[in-house]
Amino acid sequence: MPETRRYINLPRKAPVPFSDAVLVNDTLYLAGRIGLDPATGLAPADVDQELKLLFDGFEAVLSQAGMTMNDLVWVQVYSPDISLWENFNTAYVKRFSGEFPARAFLGSGSLLKNGRFEMMGIAVRR
């Protein structure tokens, strides 16, 4: 079967040198995403609002590929403050209706735009 590729990009204010995701046949590779406030371009002061924006953005990219959070098979999360692991998990589990993907939650250095979380993943169409 020949490979097919589709590049998925949500609307944004400024161009960036990457795609939000690349769909190769039935596999979607999602770029790292931070929950940024569209009005300021920065992570909100409220951690729960940042997580909402992060997951809403992830779901929007998945939707463009005809997928949902339940199609994720692998997720990697970076956070400069690993004490926020519980906050992340509380928001994360609410976004799934089935089994959870394999996941890593890693401590990191500073993230762009004052983000507290950056998430990337791989989804496979069912």
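Considering only segment 50-62, I want to know if a residue exists there that is modelled with pLDDT under 95, of a type outside the set (D, E, K, R) and out of contact with any helix residue (DSSP H, G or I) (no Cβ under 9 Å at 6 or more places or on another chain). No, because not a single residue in segment 50-62 is modelled with pLDDT under 95, of a type outside the set (D, E, K, R) and out of contact with any helix residue (DSSP H, G or I) (no Cβ under 9 Å at 6 or more places or on another chain). May I ask you to verify whether residue 98 is open to solvent by less than 70 Å² (accessible area, probe 1.4 Å), in a loop (DSSP other than H, G, I, E, B) and at pLDDT below 95? The answer is yes for residue 98. Exactly one residue out of 4, 40 is more than 20 Å from residue 116 (Cβ to Cβ) and open to solvent by 30 Å² or more (accessible area, probe 1.4 Å), and it is 4. For residue 58, all conditions in the list (1) without any contact (Cβ under 8 Å) to a residue 24 or more places away in the chain; (2) surrounded by 14 or more Cβ atoms within 10 Å (Cβ to Cβ); (3) aromatic (Phe, Trp, Tyr) hold save one; what is the number of the exception? Condition not satisfied by residue 58: (1).
Pairs meeting the criteria (first residue in segment 110-126 and assigned to a strand (DSSP E or B), second residue open to solvent by less than 40 Å² (accessible area, probe 1.4 Å) and among the β-branched types (Val, Ile, Thr), beta carbons under 6 Å, at least 6 apart or on different chains) are 118/34; 119/77; 121/75; 124/27.
Filtered by the rule that a residue be touching a residue at least 12 places away in the same chain (Cβ under 8 Å), open to solvent by 40 Å² or more (accessible area, probe 1.4 Å) and closer than 28 Å to residue 125 by Cα, segment 10-37 gives 18, 25, 26, 29, 33, 36. Does segment 40-55 hold any residues that are free of Cβ contacts under 8 Å to residues at least 40 places away in the same chain and not hydrophobic (A, V, I, L, M, F, W, C), and which are they? Within segment 40-55, 40, 44, 46, 49, 52 qualify.
The values are calculated or read from the model by the stated rules, or taken from the named source; none is laboratory data. What you see is a predicted model, and the numbers here were worked out from it, not measured in a lab. With ideal geometry, Cβ positions are generated from the backbone for all residues, glycine too; neighbour counts draw on all protein chains shown. Areas reflect the complete protein model, heavy atoms only, side chains present, ligands, DNA and RNA absent. Shrake-Rupley method; radii C 1.70, N 1.55, O 1.52, S 1.80 Å.
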